[in-house]
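To keep things clear, I will list the structure first and then write my remarks on it.
The values are calculated or read from the model by the stated rules, or taken from the named source; none is laboratory data. Here the structure is a predicted model, which is why all the values come from computation and not from measurement. So basically every Cβ, Gly included, is an ideal-geometry build from the backbone, and we count neighbours across all protein chains shown. Surface areas here come from the heavy atoms of the whole protein model, side chains and all, with no ligands, DNA or RNA. Shrake-Rupley method; radii C 1.70, N 1.55, O 1.52, S 1.80 Å.
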Amino acid sequence: RATEGGGARRSHSQCPWAAARAAGLELAGGMAAAAAAAAAATGAGEAVTGEAATGQSMGKSSVQSIFFSLDYGPAPESPSTALAWLETQGPNLGHFVNGKWLKPDGQGTITCRDPSSGEFLANCFQAKNEDVALAVDVAKRTFEEWSQLSGATRAQHLIRLADAIHKHQKLLWTLESLASGRVVREIRDGDIPLAHQLLQYYACWAQTQEQALSGWQPIGVAVIVLPPTFSFIEMMWRVSPALAVGESGLAREPLGPGWGCLTPTTTTLPASWVIRSPHPTLLSSHWDGEPPEELEGPAGMGSPPRSSRLQPPSSVQVFQVGNASQKSPFFPPTLVLGLAPASPCTQREVPWPVVVISPFRTAKEALAMINGTPRGGNASVWSERITLALDLAYGVRMGTVWINSHGLKDAVAPVGGCKETGSSWHGGPDGLYEYLWPAGLLPRPVALPEAMDYNKFGLSAPPVLPSGPDTSPPSQTAPYGIFLAGRFQNPSSRSSRPILGSSGTVYAHVAEGGAKDIRTAVEAAHQAAALWVSQAPGKRVSMLWALADALSQRSQVLAEQLTEVMGVGITEAQTEVMLSIARLRAWGARVHAQGAGLHSAGHQGPFLRLREPLGVLAIICPEEWPLLAFVSLLSPALAHGNAVVMVPSGACPLPALQFCQDVASLLPPGLVNVVPGDRDHLTRCLALHQDVPALWYFGSAQGSQFVEWASAGNLKAIWVNGGQSRSWDQEPEGAGPELCLRAARTKTLWLSLGDI
Amino acid sequence: MAPQNQGTELDLTWISEVQVNQPAVLRRAEQIQTRRTMKKDWQAAWLLKAVTFIDLTTLSGDDTSSNVQRLCYKAKYPIQEDLLKALDMQDIGITTAAVCVYPARVCDAVKALKDVGCKIPVASVATGFPAGQTHLKTRLEEIRLAVEDGAKEIDVVINRSLVLTGQWEVLYDEIRQFRKACGNAHLKTILATGELGSLTNVYKASMIAMMAGSDFIKTSTGKEAVNATFPVAIVMVRAIRDFFWKTGKKIGFKPAGGIRTAKDSLAWLSLIKEELGDEWLKPELFRIGASTLLSDIERQIYHHVTGRYAAYHDLPMA
């Protein structure tokens, strides 16, 4: 899963205009934003950087001249603490492994410089394979001990770490400011307290881990790869929860303040944006470097090219603060007006400090414009009308939405996103689940990806021939066709696939689905999804329960089919049917009871942690448990408000199709679509479909690998089994909290509060 | 002094749509106090500048001619001569911006200032200060008498009940009459923001006061439970900014009450610089109403010059 790209392009704000850093979008125009004092952050910045102190000698300016000019003097935030610490490390910063600084001989180094002055800070080693291997070994060994500690003990360790940050904060902020070029106050007043808070928050989770996270276990050794521009706090967002749940970690950062462990050998990370504006009315941007390899393949398949120069049309107005020097690595705060939604500048994620303002006629149009961009990180909605503000906040497809505020952060509030922002999370409980695995399930084996030809996988379905007459008794004849948009339709291939019974003879024929059927199914699902979301949760529950009742009417036929095709005993088959019915009932009720949570984030006001549907969810069901696995996956998906396109078990798609007869009569058309056929081919079609925001894959290891590869291009949220089977009849694996987590997306909705 | 604000016609559309985002204002207020630091020479220069903005104030029941006289002397010589010499600032003629007294002490103040050869104006509070709960007729008479006694600036308090009940037209008319009663004296309108209920009301009252012809808008009397705070100031200076954009008229701002430390005064100066710009950093457009602030500033200057913290007896009492 990809991390969010936006964060990587952190601007260095020496710019005196913090407001323009708003990365998201602000709705201006129709809604009257608070006129007088809306802008929380329009204040001027200050230049309290370390280098400022060295700039001007203090004695020269006499009191008299300052008295008349009233200039700001240099704020002498001395970098001496940071420099002194770097001094103790010698010119070379080692790898931090096993509590020690390792400085292996004969390794190349990268020079880290102060980005604002270009002055030398330190050299960092370029790690080689053996350094990484050593670090992994150490981490593995440490994991054995660390994960065995009680939650309470781990909590104490985290608190001690938090205290250490508190005690040495000056060193941290000066070093971070030197290395990143960001102003001291951002780090001193923002990052450091937040890092402290994060450790405290996750220490609380660790403390109550045995009860609160009883269904989960740590993944093991977590590797956290941070792009070069990521800061100390970005690492803390990820490291704190990992440590809390008992992971041992590796992080890598070019020059971390005492934390960086490994330095990159080759850069396989999204390149940073560099924007230069030689002329005040011309804004251009381009990728500084090649897109990473893993993005290249899928990106070449129909998605827009990622490397281009943007040049806005002449009607566009660009306002910039101060003089944009060609030499400066910093980009001035910029306001762009008059960009059409179709302009590449609007479509592309532009790093702050750039704000694009577009007019809109109605709130509905505003919503369409926002949701029409590939970005899914954060947005702020400004309106004094609470009804309008909430409506928009709910409708915007973003990870975080602030009402009448922007940029609020808290350790308790999850941060993540959807669409091209990626679906990884940090902060809050969601940040924790990134490092957890359902208890009882073996962790996915860590293996290097096999060499496979991604361009060939499932490219076309092999031809299938009828190999004998159907032997299924008339009472058990499954409906024929692809279940699309609420009815059985002829497959676009106009051919069928034989399903063999356990005795080896052809039991039945099912329709052979293909790319066009997938396309139709996704379209139908999108139409149905919009309506399904707007249903009251109670209504959704009653529909699922009605479906459960209908299923129990069919239990006899289904059990017999399972026996005939899968060769299981009648008792087992009956159990599978009974469990399936139970799943439908349980998920409906569970999701209805769950609701949304209102959390408090100190003086910043409360926020809602909403669980929103993913939209259209593609599910490739496992081969085993043809009915139970199908229903176990379908139920949480529907209960959370998704529409689904499902590929049933290849060996026995009959019960799923049988079940669709009830779906046809009970659920709105298009909500559930079932496409039987060649699983690899259908997986390929779904994985590469840009308009399928989420995909669950339960099949081969190779298929999982393909899905992961494909999702690197369109950044859909994926869940793959890596070729491992699950006990679908067991509660934690077949109906555990993991499904709940995967079936919906979190949205953090900040509610601004206070007028008294 | 800047030309008097003759005011504008009452235009209620300037205030009817306004909503103040309070959480945002609070965050901004928090930031503004920590973002700028002035050190060394800059601190000294800024502090001396702050002195020139002070309306040196005494508003007590036990004020007599003797302490008003002392106050006026201090207004003329706010910082010890030797300290100023050390900073090469002795020739600038640093005085406070004005002295501010009750109407009954205006004569004393005018005389005392004349005696020490100081040309700074005397400001008088008026209109039933601090509550404003007296008849309009006596409030207006109070202004006229203070002006007759020689006050060049009149700090009037508004009738808070008019704000709380939304009678903006009446409030406008009252301030309009204050303006007229002031004649050539400057009108400084105290909003008593601690008693207005909400920041949105603060904005609206600021706008009305400016439309009605105030030369300054002032936060508080110093007698309310809550006095000059940064959130209130942000709202008021944004109103000043809006008024300037609409009319081209620059209206002054005066925080008063609770500003006691040198550090506070620097934060206030920085707020004005950030929100309104350098143009507002002059006594014609910015004042600080304070009584004890000056001694803390002098203490800091002493430290800057000597490198030592002053004992109580090192600095003369005001």
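The table below lists the values:
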quantity	calculated
Mean accessible surface per residue for segment A:607-735, computed with a 1.4 Å probe while every protein chain stays in place, in Å²	21 Å²
Over segment B:17-306, volume per residue of the alpha carbon convex hull, in Å³	124 Å³
When segment A:330-405 is reduced to its Cα atoms, the Kirkwood hydrodynamic radius in Å	13.3 Å
Chains A and B, summed buried accessible surface - 1.4 Å probe, Å², nearest 100	3900 Å²
Per-residue [θ]222 nm for the protein assembly as shown (sum of -39500 (n - 2.57) over DSSP H runs n ≥ 4, rounded to 500)	-12000 deg cm²/dmol
Of all accessible heavy-atom area on segment A:631-756, the percent that carbon and sulfur account for (1.4 Å)	52 percent
Size of the protein assembly as shown as Cα extents on the principal axes (Å, biggest first)	122, 72, 58
Whole-angstrom gap from segment B:37-97 to segment A:661-686, using each part's C-alpha centre	83 Å
Cross-link pairs B:39/B:250; B:85/B:263; A:409/A:716; B:223/B:249 - those with Cα-Cα distance over 28 Å	B:39/B:250; B:223/B:249
Candidate lysines for bridging to residue A:103, where Cα separation is under 20 Å - those fewer than 8 sequence places away on the same chain excluded	A:128
Exposure of residue A:509 as accessible area (Å², to 10), given a probe of 1.4 Å and all protein chains	40 Å²
Low-density loop cleavage sites - trypsin sites (Lys or Arg not before Pro) in segment B:217-303, where at most 10 other Cβ are within 10 Å (DSSP)	none
Whether segment A:598-734 is rounded, prolate or oblate, judged on the alpha carbon gyration tensor where a/c under 1.5 counts as rounded	prolate
log₁₀ of I(q)/I(0) at q = 0.15, 0.19 Å⁻¹ - segment A:600-673, Debye sum with one point per alpha carbon	-0.54, -0.76
Compactness of segment A:468-533, expressed as Rg and Dmax over alpha-carbon positions, Å	14.7, 45
Probe 1.4 Å, protein heavy atoms only - accessible area per residue of segment A:478-570 in square angstrom	44 Å²
Within-12-Å neighbourhood charge of residue B:296 [Cβ basis; K, R +1; D, E -1]	+1
Where Rh is the Kirkwood radius over Cα pairs, Rg/Rh for segment A:340-490	1.14
Cross-link reach list, lysines versus residue A:516, counting only Cα pairs under 20 Å and skipping chain neighbours closer than eight places	A:456
Surface/4 estimate of mean projected area, convex hull on alpha-carbon atoms of segment A:109-189, nm²	7.3 nm²
Partner aspartates and glutamates for residue A:100 [C-alpha distance under 20 Å; skip if fewer than 8 residues away on the same chain]	A:87, A:130, A:131, A:137, A:144, A:145, A:247, A:253
Degrees separating the helix B:65-76 axis from the principal Cα axis of chain B, which is the longest one	80 degrees
